Amino acid sequence: MKPPGNDRLNILGDKTAEFYLNPKSFCENRVAKHKSTIFQQRFLNKPTVWLTDYTSVHCLLYEKCSNFDQGYDVMNILPQLFGSSCVLFQNGDVVIKLREILANSISQRVDKINRLLEFQVFPALDKMCQQDLECDLYQTIKEMMTKLFLQFFFDIDAEKEPELIATITKLSIEHWHGITSIPTSIKLVGKVFQKALNAKKRLIEIFKERLTRTDSEPPLVYTEMLSQIGEETAVDHVIVCISALLPKATASLLTSALIQMAMHRPLDRLLPTASQTTHVNSEDTSCDSPVNGGGDNKEGGGHNSEKEVFDALLKETYRLFPPFFGGRKVAKEEIDLGKYQIEQGQAIIYMSYFAHRDSKVFPYSEEYLPERWLSVKNKASSPSLFTFGGGKRECVGGHFTHHILTRILQHIAITSGYEVQLSEPETYYKEYKWLPVSRPKNPVRLKFLKSSQGSLQNGSMLMS
């Protein structure tokens, strides 16, 4: 049986513009109309099936992942912007090799990212928190993350080369606008998309210029890839690292996490007082000291470590506010997905946002409750999250991103002892825009105040 809906080709059949205008309403309206969490509709001028419940998305990404290819080469737009040999667009055995190279290049640099966080990001965070004028939180964090990733991947020092940072940032934004031009064919053949391609060309030129410098070694992430794959493929992956993709995603998640911390104050009830536990150093990711909170820790006597608390806080942020609304796959063969039949070559769009709010899997699904991740007795039985995809094609940078986000939140809340307060009523922050990355529609200007009782490091309770 085919999913309900209309995927016929006619002048009014394509719903791309409607989806991009409001993806949340688009899906909600069709689920209600068809009384089905799976439906079909023409999108990007292709017959497309939409998955909006947890079970079908999990089945797609895990149980039947081998039956689907990546679907990001639609209309050859993204391959033009990021390079056709990028792992985002590859399928088959080559993906395994590319993923291993990329994952190793990142995971072997934990010490480097920790140093950059300590000496570059944390001072910038303290400056942001200390200033009297409330900044635009998302934009400020995005700038910090841009500098961090350029330093990490390419050894471009923001203090020594501010003009180069500014140039790359400007080009990255122009490059990113090529992605946002996808919904409208008029733009695709016009100035916006061509400007994005020109920005990509200039970014590659800048990168190759740096490779010829005699005063420094080429970036390790590039040289390691180049030793195992061709130059074109290596450069294509460099473009992903240079682009605005990483800063926007991390800024989105950090902004959402801080808003929820301000609204719901989860650390008040989940973290212990200093008299109840010893402070966990933010650089120690293996410590299991007991803290107050729900759940069972076999070594903590029913308590959870500081690390577990921040893991839970971030997981709940991933669940409710994924930076990207979902992802796209293409069926390699005819296949059954639930009670519906998917035809060979048919596109599938899975909606992480809605799957994460499936009340059958996540009770009180619209509420921000980090406790749900602490109350699971067997952590292996926790529900999956699709924020970074899932299965064999899960994002290779997921753990890397989680490490950065954890360290930053720990620094703000624990090391520096700031409590986060809203500067506007809660309703001001609840309306989100979802494309191209999720963030509140209104500028976010939170207040960062030193806890009146000081930080845990000073022997008293944080976030009181």
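The values are calculated or read from the model by the stated rules, or taken from the named source; none is laboratory data. Values in this document were obtained by computation on a predicted structure and should not be read as measured data. All Cβ positions, glycine included, derive from the backbone under ideal geometry; neighbour counts span all protein chains shown. The area values use the complete protein model at the heavy-atom level, side chains included, leaving out ligands, DNA and RNA. Shrake-Rupley method; radii C 1.70, N 1.55, O 1.52, S 1.80 Å.
For region 237-267, which positions are under 10 Å from the mean Cα position of the chain (by Cα) and either more than 22 Å from GLY326 (Cα to Cα) or open to solvent by 10 Å² or more (accessible area, probe 1.4 Å) (or both)?
Going residue by residue through region 237-267, those that are under 10 Å from the mean Cα position of the chain (by Cα) are 245-254.
Matches in region 237-267: LEU245, LEU246, LYS248, ALA249.
Across region 210-222, what is the total count of residues that are modelled with pLDDT of 70 or more and either open to solvent by less than 90 Å² (accessible area, probe 1.4 Å) or closer than 20 Å to LYS97 by Cα (or both)?
4
For region 68-83, which positions are out of contact with any helix residue (DSSP H, G or I) (no Cβ under 7 Å at 6 or more places or on another chain), crowded, with 17+ Cβ neighbours inside 10 Å and over 21 Å from ALA244 (Cα atoms)?
ASP69
Of all residues in region 325-343, which are in a loop (DSSP other than H, G, I, E, B) and open to solvent by 30 Å² or more (accessible area, probe 1.4 Å)? Show your work before the answer.
Step one: filter region 325-343 for residues in a loop (DSSP other than H, G, I, E, B), giving 325, 332-334, 338-339, 343.
Listed by number, the residues that qualify are LYS332, GLU333, GLU334, GLY338, LYS339, GLU343.
Quick one: which residue in LEU102, LEU117 is open to solvent by less than 60 Å² (accessible area, probe 1.4 Å) and over 20 Å from MET225 (Cα atoms)?
Every option except LEU117 fails the conditions.
Which number in (1) over 20 Å from ARG42 (Cα atoms); (2) modelled with pLDDT of 95 or more; (3) touching a Leu at 6+ places or on another chain (Cβ under 8 Å) marks the one condition that MET351 misses?
Unmet for MET351, out of (1) over 20 Å from ARG42 (Cα atoms); (2) modelled with pLDDT of 95 or more; (3) touching a Leu at 6+ places or on another chain (Cβ under 8 Å): (1).
Kindly provide the set of residues from region 344-367 that are open to solvent by 10 Å² or more (accessible area, probe 1.4 Å), over 18 Å from the mean Cα position of the chain (by Cα) and in contact (Cβ under 8 Å) with a residue 60 or more places away in the chain, ordered by number.
GLN346, ASP358, LYS360, VAL361
Return only the number of the condition from (1) farther than 24 Å from ARG357 by Cα; (2) open to solvent by 30 Å² or more (accessible area, probe 1.4 Å) that GLN410 does not satisfy.
Going through the list (1) farther than 24 Å from ARG357 by Cα; (2) open to solvent by 30 Å² or more (accessible area, probe 1.4 Å), GLN410 breaks only (2).
Could you say which residue among LEU61, LEU88, LEU44 is at pLDDT 90 or above, within 30 Å of ASP236 (Cβ to Cβ) and either open to solvent by less than 60 Å² (accessible area, probe 1.4 Å) or in contact with an Asp or Glu (Cβ under 9 Å, 6 or more places away or on another chain) (or both)?
So the residue among LEU61, LEU88, LEU44 that is at pLDDT 90 or above, within 30 Å of ASP236 (Cβ to Cβ) and either open to solvent by less than 60 Å² (accessible area, probe 1.4 Å) or in contact with an Asp or Glu (Cβ under 9 Å, 6 or more places away or on another chain) (or both) is LEU61.
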